[in-house]
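**Student:** One structure follows; several queries about it will come next.
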Amino acid sequence: MKKIALITGATAGIGKATAERLAKEGFNLIITGRRQRELDELQTSLQAQYGIDIWALCFDVRKYDEVEKNLGSLPQRWKDVDVLVNNAGLAVGLNPIHTGVVDDWERMIDTNIKGLLYVTRTIAPRMVERKSGHIINLASIAGKEVYANGNVYCATKHAVDALSKGMRIDLLPYGIKVTQICPGAVETEFSVVRFKGDKSRADQVYAGFAPLAAEDIAEAICFAVSAPDHVNIQDMLIMPKAQASGTIFHKE
Ligand code: NDP
Ligand code: 8X3
């Protein structure tokens, strides 16, 4: 029987690349995001390419009632999720703390921390019942370091780091693996979202060096998922060759 992977934020970037990589690996997929059209297109393309089954769910991870409605009572054939990839997340704005925009802070906290918690709270109990499962959390270099004006985004990813550790301890008796993936700069829609649609400002983030591609992170996720049963990859920090730390880049 094919395994089931649930990937949040599969409409773009790392989540979409992970859906593609795990489809190639033969997983049946539950894909989520807020953009129905992107979900439909991905579903059609992966089903045709790999002959897998896909269940696409359009909802906002910030709303617990929507999470519960969509994931709390999955149909029988979808409810035994083997791999949960908590990927949906974003940065909004890059301001010093004293000029921070409260709505930006709320979007980041509600998505990156509360959304990840809501989804995990809904899916983990069945993993505990089955004494089997693997949770992959997308943290960041921003969860290991703090950089200028990154204040609240960095705080949310430090929270993911703490939650990954906490989940690993709490779920240990049930044989559930928890892996945290911490990328440096990956060229996705991330910076366009951070700079609220300003594509030229977003492009500057990746100018002068070769950033990671979403597929590089998907490959790392696939590696963690494919490890033998007795092996858990706990934490992976993955940077472009040209990036030494959160803020130190070698640009041509
Ligand atoms: P993208 O902007 O390309 O993709 C983000 C995904 O998250 C989209 O599918 C989006 O879907 C989904 N999403 C955002 N908000 C919500 C929400 N409220 N409800 C449901 N889905 C949501 O970014 P990345 O692929 O780069 O980011 C993926 C993860 O990786 C994030 O957690 C990010 O913090 C992390 N990361 C990214 C790095 C980078 O440099 N790009 C580096 C380190 C970590 P939709 O808009 O359809 O809702
Ligand atoms: C995304 C990478 O460096 O913009 O988490 O924080 S960074």
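The values are calculated or read from the model by the stated rules, or taken from the named source; none is laboratory data. The structure presented is a predicted model; accordingly, all values stated were derived computationally and were not measured. Cβ placement follows ideal geometry from the backbone for every residue including glycine, while neighbour counts extend to all protein chains displayed. Just the protein is used for accessible areas: all its heavy atoms, side chains included, with ligands, DNA and RNA removed. Shrake-Rupley method; radii C 1.70, N 1.55, O 1.52, S 1.80 Å.
**Student:** I want to make sure I understand the PRE zone here: with the label point 7 angstrom from the Cα of Tyr147 toward its beta carbon, which residues in region 231-252 have backbone N atoms less than 15 Å away?
**Tutor:** Taking a point 7 Å out along Cα→Cβ of Tyr147, the residues of region 231-252 whose backbone N falls under 15 Å are 238-252.
**Student:** So what is the 222 nm mean residue ellipticity for the chain from helices alone, if each DSSP H run of at least 4 adds -39500 (n - 2.57) and you divide by all residues, rounding to the nearest 500 deg cm²/dmol?
**Tutor:** One gets -12500 deg cm²/dmol as the mean residue ellipticity at 222 nm.
**Student:** Quote the relative contact order of the chain in percent (integer), defining contacts as alpha-carbon pairs under 8 Å separated by 6+ residues.
**Tutor:** Answer for the chain is 19 percent.
**Student:** Please compute, for the alpha-carbon atoms of the chain, the extent along each of the three principal axes and give them in descending order in Å.
**Tutor:** On the principal axes, the chain reaches 48, 38, 35 Å in Cα extent.
**Student:** Counting heavy atoms of the protein chains only and a 1.4 Å probe, report the per residue accessible area for region 18-117 as a whole number of Å².
**Tutor:** 48
**Student:** Here is a further query. Once amide H atoms are built 1.01 Å from N in the peptide plane, which residues 5 or more positions from Ile135, or in another chain, come under 5 Å H to H?
**Tutor:** Sorted by chain and number, the residues that satisfy this are Leu84, Lys177, Val178, Thr179.
**Student:** Would you mind telling me the share, in percent, of accessible area of the chain contributed by carbon and sulfur at probe 1.4 angstrom? Write down the numbers at each step before the final one.
**Tutor:** On the way: 6420 of 11980 Å².
Carbon and sulfur atoms account for 54 percent of the accessible area of the chain.
**Student:** Quote the accessible area belonging to Trp55 in square angstrom, nearest 10, computed with a 1.4 Å probe and with ligands, DNA and RNA left uncounted.
**Tutor:** Only protein atoms counted, so the area is about 90 Å².
**Student:** Follow-up question, since we're still on this one. Once you keep just the Cα pairs under 8 angstrom separated by 6 or more residues, what percentage relative contact order results for region 164-252? Please list the in-between numbers first.
**Tutor:** Working: 93 pairs, mean separation 33.8, N = 89.
Here the relative contact order equals 38 percent.
**Student:** Scan around Ile30 for amide H atoms under 5 Å from its own, H built in the peptide plane at 1.01 Å from N, and keep only partners 5 or more places away or cross-chain.
**Tutor:** Those qualifying (amide H under 5 Å, at least 5 residues apart or on another chain) are Ala5, Leu6, Ile7, Trp55.
**Student:** If r is the Cβ-Cβ distance from Gln204 to Glu129 and R0 is 51 Å, what FRET efficiency results, to the nearest 0.05? Working shown, then result.
**Tutor:** Details: r = 48 Å, r/R0 = 0.95.
That pair, Gln204 with Glu129, gives E of 0.60.
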